Amino acid sequence: MMTRSAFEKIKQKHGRYASWAVWGPIGATPKSGMGDMRVFETDAFLSVLKPNVVMLALNFSKTIEQPQPFHNFHVAKNAQDYKIRYAFTDTEYDGAYMTDVIKDLAEMDCRKATKHLDAHPELLATSLRIFREEMKDLGNERPIILAFGNDAHMIARTHLRPEEYSLLIKLTHYSDYRLNKEAYKERVFEEIAAHRELPITLQLSPPF
């Protein structure tokens, strides 16, 4: 189980752009409780965390005013993050580490984001260095990476060395408006099942 001190280290160093697949319970609406960060205030959630499973998105969709640590992926309003909660809560991926491969780039249009990267290769280099620091701080040697969308998957596949992960799976991005939360959950587990011929060990919490 991750200790509180290890958790706090991640929070202080990476909490601005990273988070965990842990949310408040679903209430009256599908998005209720998404932004309730009190879920991280007790030690009860620590036993759920799976540092060796990494959910990887491309970048911030937009800047969050006065963000709290771990606020990324915990947005309600018009965001589609709630589909991730619905898909993975109470599954073997509940408690995964969540982060963006590109840091400090707020852009909703992925095409504009990748164009920006092409024009600023130093941003990609810096972001990959930070990602590797995240994995080191988590105690990750070869995590399972669930990459949301083509662009995050392509960057991971192109720029990470094969020995830096045990499994890299491309998932449909949760922003796909054609899929409701039920259809999204079905889709992503079909995509994960396609890799079941490879061994997945979910005794994932490293010793701290």
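Tabulated results
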{"read-out": "Angstrom value of the Kirkwood radius, inverse mean 1/r, which spans all Cα pairs in the chain", "value": "17.2 Å"}
{"read-out": "Extension reserve of the residue 39-residue 118 stretch, reckoned as 0.36 nm per residue once the Cα distance is removed", "value": "24.7 nm"}
{"read-out": "Phi to ³J(HN,Hα) by Karplus 6.51 cos²θ - 1.76 cosθ + 1.60 over the range 20-36, Hz, x for Gly, Pro", "value": "9, 7, 9, 9, x, x, 6, x, 6, 10, x, 9, 5, x, 4, x, 7"}
{"read-out": "Pair residue 78, residue 48: separation of 7 Å Cα→Cβ label points (nm)", "value": "2.9 nm"}
{"read-out": "Helix-only [θ]222 nm of the chain, DSSP H runs n ≥ 4, -39500 (n - 2.57) each, per residue, nearest 500", "value": "-10500 deg cm²/dmol"}
{"read-out": "Those lysines that a straight Cα-Cα span of less than 17 Å connects to residue 83, excepting residues fewer than 8 apart in one chain", "value": "31, 170, 181, 185"}
{"read-out": "Whole-Hz ³J(HN,Hα) from phi, Karplus 6.51 cos²θ - 1.76 cosθ + 1.60, for the range 112-121, glycine and proline x", "value": "5, 5, 5, 5, 4, 4, 4, 7, 9, x"}
{"read-out": "Long-range amide H partners of residue 100 with built H, under 5 Å", "value": "57"}
{"read-out": "The chain, relative contact order [Cα under 8 Å, separation at least 6], %", "value": "28 percent"}
{"read-out": "Highest to lowest packing among 138-147, 75-84, scored as the average C-beta count within 10 Å", "value": "138-147, 75-84"}
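Every number here is computed from the coordinates shown, using simple stated rules; none is lab data. What you are looking at is a predicted structure, and each value in this text was computed from that prediction instead of being measured. Counting neighbours? That spans all protein chains shown, and the Cβs are built from the backbone with ideal geometry, glycine included.
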